[in-house]
Amino acid sequence: TPAALALLGGSVAALAVWKWLGRKMIQKKMEEARRTRDEGMKKMAKAVQQFREQVPSVQTDAILSLPLLELTRRLQEGSLSPRTVLYTYLEKVSALEVTQKTNCLRHFIPECEEQLQEIEQHKDKGLLYGVPVSIKDHIGHKGHLATCGLVQCLGTLMEEDSVLVKVLKKQGAIPFAMTNVPQSLFSYECSNPIFGQTLNPLNPQRGPGGSSGGEGALIAGGGSILGIGSDMGGSIRLPSSFCGLCGLKPTAERLRWRGAPGFGTSIAQFGCFLLSHPVPCALGPMARDVDSLALCMKALLCQEMFQLDPTVPPIPFNEQVYSSSTPLRVGYYDTDGYFPLPPCMRRAVKETRRALEAAGHQLVLFSPPRVPYAVTELFLKTFFADGGRAWLDVFTGDIVDPGLKPQVNSCKMPRLVKKLLALLLKPLQFLLLLKLKEIAMISTCRSVKEMWNHQHEIQVYRSQFISQWKQLQLDVVLCPVLGPAFTKGYPGKLLTAVSSTMLYNLLNFPAGVVPVSTVTEADEEELKLYKGCCNDPWDRTLKQAVSGAVGMPVAVQCVALPWQEELCLRFMKEVETLSRDQ
């Protein structure tokens, strides 16, 4: 009837207006967040200018070039003041050299000036006394947002510092900046609709990796000497690889960031999801060299950390293990049998293996068991055990970043459609099937019993992996990491290309990345012949993502057994020393 049609038309119009108003509200919140960030940057620039007028003779370049160990020595002895160091780094950031080029900063922390005054009044000097430190967006700092790149998190400020920030301050460090992240942290394309895309300071046509991409860009651009990132699938190691830095993903329980009251309900649940997930999120340091990572771990693994968070095992840093020079028995592989990496990354492993052998270490070929099964059936199925519902919930009332749309759309796909896709793909060869299953986001765990069985399968796989490691009597493992830095826009098309890092999140082994070389013209020529495992669309997309990267950093990954961060760092230091000698 005409009345019914009129009612229907009115309802449709009302819905359209409601959606339009919702989008306007989202846009308004995002504009306000960007305006707040820009105002903070202006305040920082003004504070730097005032300092420059008071102390015009500061040798900026000399301070910025100091390695962390030398910087801390001078701060401890008093030949450099914390004030001079802080404002030197603030000047580097506020001068727009780093931020305008890369868009790596999410927010300046004005309370850094209060922390500066606080440490200047104390006689006790912590291990990080006077060191400016940058932190990833979601690591809670009192009075600031922890956005995860999500609009729904823009209205709630942290009520107190997270445990990690409290410990950094106790050790004399000065948190001064919060860095940009991908939306929801689930991407290695560092982009979100609020603060935009972060670029690689070594080549702005390429990304810095993610999800700790803002940290990677800020440190590689010279705007920070030490940063704290997090890693659930490679989020410390990929930016370190892409930006030419050193980064450590510890055993997840070795450090915690607990203490994030003030989150909205859904994002608080997402935070709990990150903390308690069967593949847990690990916090770790990122810096220019391995000694900096070791100093940071030594500073964080202190009595203050163990008292503030009793769930952190009270295991102080073992300096004896880190300083040891005993020859190591090193397992190695240059491909995981799932996603073959570009020739330059495999070359890096081979050259490092030869250098380690020449230095007196024993190298043993190691074949990680069933990596395709581990990545696809264990890691991804664990993450999306609920069909991705917990992850999708955080996008409620939000704009989805273009780089995440493929994953979001596949999670929204009805279960019946996923099953039909799986049936259609069955005739295809095994590895291609596994890559295509990335689109369907793997089948979900349909019952509690199935979830328990799945967790059992993870434990069985970990036991098998450790058993194989022990049979070969290995101390550590040398293996590849994804790289070089991808051209913008490609990470969202290649989720499972990060199998090299995902594996050690699943296993919860400490793993670090060390730059050892750069892409050469010979690498670029060899890349032209790259076929991957099947020369399928994913292999061809990877080839496009990394082509034209001559001069970009090339890294390797160093791995140890759980709770052996010191041994992992000691191995990383050995690799770093040998690569620099070469």
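Of note:
- Rounded accessible area per residue of region 23-316, 1.4 Å, Å²: 35
- Whether region 31-178 is rounded, prolate or oblate, judged on the alpha carbon gyration tensor where a/c under 1.5 counts as rounded: oblate
- Among beta bridges that DSSP assigns inside the chain, antiparallel share in %, nearest 5: 65
- One chain, two ends: Glu457 and Gln303. Fully extended at 0.36 nm per residue, the span grows by 51.8 nm beyond their Cα-Cα distance.
- For the chain, the ratio of Cα radius of gyration to the globular rule of thumb 2.2 N^0.38 Å stands at 0.97.
- Summarising the amide proton neighbourhood of Leu363: residues at separation of 5 or more, or on other chains, whose placed amide H is nearer than 5 Å comprise Val330.
- Hypothetical label at Glu357: residues of region 463-481 whose amide nitrogen lies under 15 Å (7 Å Cα-Cβ projection): 478
- Ordered by solvent-accessible area of protein heavy atoms (1.4 Å probe), largest first, the residues Cys558, Cys533 come out as Cys533, Cys558.
- The string of couplings for region 301-306 from the Karplus curve (6.51, -1.76, 1.60, θ = phi - 60°) is 7, 10, 4, 4, 4, 5 Hz, one whole number per residue in order, with x for Gly and Pro.
- Loop-resident trypsin sites (Lys or Arg not before Pro) (DSSP state other than H, G, I, E or B) in region 441-520 with no more than 15 further Cβ atoms inside 10 Å of their Cβ: Arg446.
- When the listed pairs Lys29/Lys249; Lys92/Lys166; Lys19/Lys405; Lys350/Lys493; Lys136/Lys493 are checked against a 30 Å cut-off, the alpha-carbon distance exceeds it for Lys29/Lys249.
- Summed side-chain charge close to Trp563 - residues other than Trp563 whose Cβ falls under 10 Å, Lys, Arg +1, Asp, Glu -1: -2
- Computed with a 1.4 Å probe on the full set of protein chains, the accessible area for Arg540 sits at about 110 Å².
- Distance between the pseudo-spin-label points of Lys449 and Tyr373 (7 Å out from Cα toward the beta carbon): 2.2 nm.
- Averaging the Cα positions of each part gives two centres, and for region 37-82 and region 547-582 these lie 30 Å apart.
- Between Arg34 and Gln468, the C-beta separation translates, for a Förster distance of 35 Å, into a calculated FRET efficiency of about 0.10.
- Judged by the gyration tensor of its Cα atoms, with axes a ≥ b ≥ c, region 282-333 is prolate; a/c meets the 1.5 cut and a/b is the larger of a/b and b/c.
- Summed side-chain charge close to Gly207 - residues other than Gly207 whose Cβ falls under 9 Å, Lys, Arg +1, Asp, Glu -1: +1
- Overall form of region 23-316 per C-alpha gyration tensor (a/c, 1.5; a/b vs b/c): rounded
- Close amide-amide hydrogen proximity is noted between Thr518 and Val554, each under 5 Å apart and 5 or more residues distant or on a separate chain (H modeled in the peptide plane; Pro and chain starts excluded).
- Using a probe radius of 1.4 angstrom, the carbon and sulfur fraction of the accessible surface of the chain is 55%.
- Coupling constants for region 484-495 follow from the phi torsions by the Karplus curve (6.51 cos²θ - 1.76 cosθ + 1.60, θ = phi - 60°), and in residue order they are x, 3, 6, 5, 3, x, 8, x, x, 8, 9, 4 Hz; glycine and proline get x.
The values are calculated or read from the model by the stated rules, or taken from the named source; none is laboratory data. Quick caveat, the model's predicted, so the values are computed rather than measured. We place every Cβ from the backbone using ideal geometry, glycine too, and count neighbours over all the protein chains shown. Note: accessible area is taken over every heavy atom of the protein model, side chains too, but ligands, DNA and RNA are not part of it. Shrake-Rupley method; radii C 1.70, N 1.55, O 1.52, S 1.80 Å.
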